[in-house]
1. For the stretch 35-63, enumerate the residues that are open to solvent by 70 Å² or more (accessible area, probe 1.4 Å), touching a helix residue (DSSP H, G or I) at 6+ places or on another chain (Cβ under 9 Å) and not in a helix (DSSP H, G or I).
2. Within the stretch 11-23, is even one residue touching a Gly at 6+ places or on another chain (Cβ under 8 Å) and part of a helix (DSSP H, G or I)?
3. Within the stretch 9-31, which residues are over 21 Å from residue 82 (Cα atoms) and exposed (fewer than 15 other Cβ atoms within 10 Å of the Cβ)?
4. Here are some conditions: (1) out of contact with any Lys or Arg (no Cβ under 8 Å at 6 or more places or on another chain); (2) surrounded by 15 or more Cβ atoms within 10 Å (Cβ to Cβ); (3) among the hydroxyl-bearing types (Ser, Thr, Tyr). Residue 6 meets all but one. Which one does it not meet?
5. Of the conditions (1) open to solvent by 70 Å² or more (accessible area, probe 1.4 Å); (2) among the hydroxyl-bearing types (Ser, Thr, Tyr); (3) more than 23 Å from residue 81 (Cα to Cα), residue 68 fails just one. Which one is it?
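The values are calculated or read from the model by the stated rules, or taken from the named source; none is laboratory data. Everything numeric in this text was worked out from a predicted model, so none of it was measured. Every residue, glycine as well, gets a Cβ built from its backbone with ideal geometry; the counts of neighbours run over all protein chains shown. With ligands, DNA and RNA removed, areas are computed over all heavy atoms of the protein, side chains included. Shrake-Rupley method; radii C 1.70, N 1.55, O 1.52, S 1.80 Å.
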Amino acid sequence: MTTPWSPERVLLQEALKQLRLDAQLTQIELAQRLGKPQSYVSKYESGERRLDVIEIREICIVAGESLTKFCERLEDSIKKQGYTK
């Protein structure tokens, strides 16, 4: 049985996709830079696969953004949606 994603997790997926788009990379190009198959990018963008912080950091690096900046933008997005705990 699958559990629905939390709103915050959906925002993370959207932020990761936007990071790739802002870097003007296709899923294939990003995957190649990461040394992964295209399905890796597709699966985390769709929520089929979860990432740990080290994987997110690697994605940020190859997309040209610091992990700190990415987390700040994600946190701003979460707060704007009213998902503060």
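1. 36, 37, 48, 49, 50
2. Yes, the stretch 11-23 contains a residue that is touching a Gly at 6+ places or on another chain (Cβ under 8 Å) and part of a helix (DSSP H, G or I).
3. 21, 22, 24, 26, 28
4. (2)
5. With respect to (1) open to solvent by 70 Å² or more (accessible area, probe 1.4 Å); (2) among the hydroxyl-bearing types (Ser, Thr, Tyr); (3) more than 23 Å from residue 81 (Cα to Cα), residue 68 is out only on (3).
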